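Take a look at the structure set out below.
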Amino acid sequence: MNCVVWIDSLEFKKELEFIAKDLNIDLVTKYPEYGSIISYDKSGLYFVNDVNSPADILHVDFLTGSMGWRLKRSDHESLLKKTLGKSKNCLTIFDGTAGFLSDALIFLSLGHKVIACEQSKILYFLVENACDRAKEELPFLSNLNLIHGNSFEVYKDQNNIDAIYLDPLYPETKKHILRAGNIHAIKNILKIEKIDDMADTLFTKFKKLQYKKIILKRPIKGKKICNNINYQIKGKSTRFDVYI
């Protein structure tokens, strides 16, 4: 599916010109008849997955919705806290699948530092814009280092990482095929940018490197990628496989 950057308002022309140039995609002033678009409005940067289904929109906001609610009660995030262990020290966590920073923000709110790497430029721009809009209300964002790039390669240049956190997209199954909402839009973005998000490949690469701890987030009934798990933290629909 084609993707273009659409200028709806001259107010955001400079920002959109930069994004179009960086992504090497067309910049248009006429709303396209098909495909996907990246654009700006007063609420920030957004991605429309299919212009013929304008409700299918991807917009990252840390202050409202489910993310805003989670941040207000981050002390109740018992599963994520358990995966990090009992240490009360400030940890440095390398998030190799940054996505929308949904779990990285919880780590930050708990007082840790996060290096978050996102391979998709489109997702990176959406999240970077969300961080910029929220930084005054979420001062812990100063402890975030958001990087665009291949997480496996970026990690090699890091030092003193206490934990690697991996949350690749959940696999599709015949009983549970994710067709709508954010997941569908993310899958389309990865196709547009020709990015592979296979959990097995990503985890196997990191497992071969030097590390203190790897935390792999999986669906509760998902297959084990590696049997040599030190321990698991299980919720109702999600589990964390921890390797030390």
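The values are calculated or read from the model by the stated rules, or taken from the named source; none is laboratory data. None of these values were measured; they are calculated from a predicted model. Note that we place each Cβ from the backbone using ideal geometry, even for glycine, and neighbour counts take in every protein chain shown.
Out of curiosity, is Glu11 outside the structural domain of Val127 (by TED's automatic domain parsing), surrounded by 14 or more Cβ atoms within 10 Å (Cβ to Cβ) and not in a loop (DSSP other than H, G, I, E, B)? When the stated conditions are applied, Glu11 does not pass them. Scanning the stretch 39-55 for residues that are within 18 Å of the chain's Cα centre (by Cα) and in contact (Cβ under 8 Å) with a residue 24 or more places away in the chain turns up Gly44, Leu45, Tyr46, Phe47, Asn49. Applying a threshold of 7 Å to beta carbon distances and a minimum spacing of six or more residues, or different chains, the list of pairs starting in the stretch 75-88 at a residue that is under 15 Å from Ile244 (Cα atoms) and ending at one that is small (Gly, Ala, Ser) and modelled with pLDDT of 85 or more reads Leu84/Ala163. Looking only at residues in the stretch 17-38 that are outside any loop (DSSP other than H, G, I, E, B) and over 22 Å from Gln119 (Cβ atoms), the one that is farthest from the chain's Cα centre (by Cα) is Val28.
From the list Ser74, Ser78, Ser102, the one residue that fits, being touching a helix residue (DSSP H, G or I) at 6+ places or on another chain (Cβ under 6 Å), small (Gly, Ala, Ser) and in the same structural domain as Asn230 (by TED's automatic domain parsing), is Ser74.
I need a count of the residues in the stretch 166-185 that are crowded, with 16+ Cβ neighbours inside 10 Å and at pLDDT below 50. The total comes to 0. For beta carbons closer than 6 Å, sequence separation of 6+ or different chains, a first residue in the stretch 17-29 that is more than 15 Å from Ile189 (Cβ to Cβ) and a second that is in a loop (DSSP other than H, G, I, E, B), the qualifying pairs are Thr29/Ile7.
Residues that are out of contact with any helix residue (DSSP H, G or I) (no Cβ under 7 Å at 6 or more places or on another chain) and part of a strand (DSSP E or B) were ranked within the stretch 40-51; the one that is surrounded by the fewest Cβ atoms within 10 Å (Cβ to Cβ) is Asp41.
Mind listing whichever residues of the stretch 78-98 are touching a Phe, Trp or Tyr at 6+ places or on another chain (Cβ under 9 Å) and over 30 Å from Ile38 (Cβ atoms)? Leu79, Leu80, Lys82, Thr83, Leu84, Leu91, listed by residue number. In the list Lys187, Lys191, Lys205, Lys236, which residue meets the criterion of being among the basic types (Lys, Arg) and assigned to a loop (DSSP other than H, G, I, E, B)? When all the criteria are applied, what remains is Lys236. If you check Asn150 against the conditions, is it at pLDDT 90 or above, out of contact with any Gly (no Cβ under 7 Å at 6 or more places or on another chain) and either over 30 Å from Gly35 (Cα atoms) or outside the structural domain of Asp95 (by TED's automatic domain parsing) (or both)? Judged against the criteria, Asn150 is not a match.
I'd like the full set of residues that are within 15 Å of the chain's Cα centre (by Cα), exposed (fewer than 13 other Cβ atoms within 10 Å of the Cβ) and in contact (Cβ under 8 Å) with a residue 24 or more places away in the chain, limited to the stretch 186-244. Once the filter is applied, which keeps residues that are within 15 Å of the chain's Cα centre (by Cα), exposed (fewer than 13 other Cβ atoms within 10 Å of the Cβ) and in contact (Cβ under 8 Å) with a residue 24 or more places away in the chain, the stretch 186-244 yields only Met198.
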